Structure formats: structure tokens, C-alpha cells
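Before any comments, here is the structure.
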Amino acid sequence: MTFLFPLFEKGVSLFMENPLGQSLGFIAMFILFYGFALKDDRQVVKVLIVSNIFWLAHFLMIDNLWALLATAIAMLRLYLSLKYKGSMNAMAFVTIACLVSGIIAYEQPVSILPIVWTIAASYGFFFLEKVPLRMLLLLVSSMWLVYHLETGSISGVINEIIVTITLLITIYRFNYSEEKSIYLKNSIKNILKKRPRRVDLWRYMYLRDSNRFK
């Protein structure tokens with residue numbers, strides 16, 4: 001566990017250098033956790049838009065232009081995905097916006113990562129739902145983790161670790177709920193198929209009074 005102390009010291013140092021900027025990142029992080037824990041995709045998107053407002057402020061305060069641009073495009077993407085789900089034109093527009101931003105703000109190879117992951121996540125929000133969407137977001141989250149480690153965003157690093165855990169739990173909940181739902185449906189169908197036997201009144205009367213006819 002001793003290897004964690006240098007990371008902790010670096011985290012404290014970065015926080016003390018810019019407490020307001022890092023605090024905004026933590027607020028964005030907690031809102032994001034709440035959003036990813038939801039199972040209604042439209043509600044998830046709405047909460048993520050709110051979270052991205054705080055991420056914008058965070059990246060602005062820590063002077064991270066690339067992440068700022070990627071987050072701004074992500075907000076646009078989320079808004080468009082609400083209105084134009086499954087639209088290739090909307091997806092193409094977001095992709096072009098990402099590429100143009102990348103060309104304008106290019107500084108070093110690692111700075112390309114936010115744009116790449118924004119494009120990947122855009123595909124998910126426009127064309128995927130439920131478990132497939134969250135599987136793609138797991139991959140995107142792992143790539144954001146690498147970027148935040150390189151650029152010194154404490155809340156960003158913590159955020160991606162917990163987002164990964166939250167997504168895994170949500171995926172499990174989806175699968176468990178679906179299996180349980182299928183089991184209940186099958187159980188109900190089996191019960192309905194086993195209809196009670198109709199009472200044969202004539203046979204009952206005959207058996208009851210059979211002694212009279214002997």
C-alpha cells in the first residue's frame with residue numbers, strides 16, 4: 001500500500017493549488033455517479049448535461065483547453081441525442097465538430113484522447129441503449145482515466161474509477177432484472193396454462209346416486 005502515498009501527496013498538492021477548480025470537479029463527479037446509476041436512458045442524458053456544466057467550469061479553472069472543448073461538444077452531443085436519437089446526420093455533425101476542435105487546439109498526442117473518446121461515446125448515445133451503451137461507456141471511461149492521470153485532474157481520476165464501478169453495477173442490475181422478469185413471466189404463463197379441471201356435475205351426480213340404480 002505504500003505506493004499510494006505518493007499519489008495521495010500529489011493529489012493533496014494539486015487540490016491546494018486550485019481548491020475551487022478541483023471542488024467543481026468533485027461536484028460534477030457526484031452528479032455523474034447519480035446519472036449513471038439510473039436505468040432510464042433519457043433521464044441519464046439529462047443528468048449528464050447538468051454534470052457537464054460543472055465539468056466545463058472545472059476544466060476552465062484548471063486551464064485544460066482540450067478537455068474543455070471535449071466537454072462542450074459532449075454537452076451538444078447529449079442534447080442532440082435527446083432530440084435526434086438514431087440520426088446519422090446528427091452523429092456526423094458531432095464528429096465533424098470534434099475533428100475541427102482537435103485540429104484547432106492540437107498541442108501534443110495525449111491531447112487528442114478526449115476528442116477520440118467523445119466521438120466514441122457519441123456513437124453510443126445516438127445508436128445504443130441499455131447494456132450495450134454502458135459497455136461502450138466503460139471503455140470510454142477507462143481511456144478518460146489515462147488522460148486525467150496525464151493532465152493532473154484529481155476529481156477526473158477518482159471520477160473514472162467510480163464511474164467504472166457504477167457502470168458495472170448498473171449492467172449487473174439490468175441483466176439481473178431482465179432475468180428475473182423473464183422468470184416471472186414464464187412462471188405466470190405456466191400457472192395460466194395449468195387451468196383447473198372443470199367439475200363434471202353429471203358424473204358427480206351419477207356416482208353419488210349410483211346405489212339407487214343397482
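What follows draws every value from the coordinates through simple rules; no lab data is involved. Since we're looking at a predicted model, the values are computed, not measured.
Would you kindly calculate the translational diffusion coefficient of the range 4-182, applying Stokes-Einstein with the Kirkwood radius from alpha carbon pairs, for 37 °C and a viscosity of 0.692 mPa s, and quote it in µm² s⁻¹ without decimals?
Values: Rh = 16.7 Å.
For these conditions, the coefficient is 197 µm²/s.
Give me the count of lysine pairs in the range 4-182 whose alpha carbons sit under 26 angstrom apart, restricted to pairs 8 or more positions apart or on different chains.
10
Figure the gain on full extension for Tyr123 and Ile104 (residue separation times 0.36 nm, minus the Cα-Cα span) and round it to one decimal in nm.
4.6 nm
At 0.36 nm per residue, minus the direct Cα-Cα distance, what do Ile27 and Val50 gain on full extension? Give it in nm, one decimal, please.
Values: separation 23, 0.36 × 23 = 8.28 nm, distance 1.04 nm.
Working it through step by step, the gained length comes to 7.2 nm.
Note the full-extension length gain between Lys130 and Glu150 as 0.36 nm times their separation in residues minus their Cα-Cα distance, in nm to one decimal. Walk me through the numbers on the way to the answer.
Numbers: separation 20, 0.36 × 20 = 7.20 nm, distance 3.08 nm.
The Lys130-Glu150 span can extend by a further 4.1 nm.
Tell me, what is the percent relative contact order of the range 4-182, built from C-alpha pairs under 8 Å that lie six or more residues apart?
Relative contact order here is 24 percent.
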